[in-house]
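Here's the structure, in structure tokens; my notes come after.
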Amino acid sequence: MRIFHSLIVVVSLVGATGCGEQHAQRPPRRIVVAGASSLTEVLDDVIELFERAHPGVKVSASFGASSSLIAQIQQGAPIDVVAVADDAALDPLRTIAAVNSAVAVATNRMAIIVPKGNPARITALGDLADPKVKVALCTEKVPCGSLARSVLSAAGLAVTPVTSEENAKAVVAKVRLGEVDAGVVYLTDGLAAADRTEMVPIPDGVNATATVAAAVVTRTDQPVASESFRAFLVSPTARRAFAARGFGPA
């Protein structure tokens, strides 16, 4: 009886060990998060925090203009969660029921950025209307471009940009290289580029607010992990990460 009992114990231990090994070797679930270029730094922060809290999920991120992300999803790109610079950018996907569970994550404001040292001596929004001042804006089809133009319109200014870029980071690059005298981008872009640029504030009375939003792509094959990430974006932990990068509360 003792021998029989020992055999049962050994077999049980082997079985338990095998199950443990299978569980340990289970591959992590993987999701792809597509984010607006203006969210690059903060989403990198949040993804790191999320993966620490969810060790069974790995997140890959890609960044680009909000309009480009929308087009990629419309064309069937393997994206699980999308985060855009302004909620209105999701409307084309809402129309075709391509996203669900959209949430407002944070807010952002516009700011003027100039090269370090401010060689053109830009001190106010009105200076951008000087035809001698070279201004870079985002193209009108992306939130940073449409919001910048709404700011200029609210201030009664006619500004013709010397270049219209596909996303906020491209505008920042033009300013950092000194190729333009000023650019209008998100406040958070100015903070992220503070090593090579300076900011000139825009008066509250004419400034515009963007609402950062995120949604799960309807056709995701990882709905549970995708919903977990979307929910994490509005958690206290993620909100602190957004605040640390200069975003306001949603």
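The values are calculated or read from the model by the stated rules, or taken from the named source; none is laboratory data. The structure presented is a predicted model; accordingly, all values stated were derived computationally and were not measured. Quick reminder, even Gly has a Cβ in these numbers, built from the backbone with ideal geometry, and neighbours come from all protein chains shown.
Quick notes on this structure:
- Which listed residue, of Lys141, Lys132, is at pLDDT below 95, out of contact with any Phe, Trp or Tyr (no Cβ under 8 Å at 6 or more places or on another chain) and either assigned to a helix (DSSP H, G or I) or not polar (S, T, N, Q) (or both): Lys141
- All conditions in (1) under 30 Å from Asn118 (Cα atoms); (2) of a type outside the set (D, E, K, R); (3) surrounded by fewer than 16 Cβ atoms within 10 Å (Cβ to Cβ) hold for Val200, with the sole exception of (3).
- Scanning segment 177-195 for residues that are under 21 Å from the mean Cα position of the chain (by Cα), over 16 Å from Ser146 (Cβ atoms) and crowded, with 16+ Cβ neighbours inside 10 Å yields Leu187, Thr188, Gly190, Leu191, Ala192, Ala193.
- Screening Thr139 with (1) surrounded by fewer than 18 Cβ atoms within 10 Å (Cβ to Cβ); (2) touching a residue at least 12 places away in the same chain (Cβ under 8 Å); (3) polar (S, T, N, Q) gives one miss only, at (1).
- Residue match in segment 105-127 (condition: part of a loop (DSSP other than H, G, I, E, B) and not assigned by TED's automatic domain parsing to the domain that holds Thr197): no
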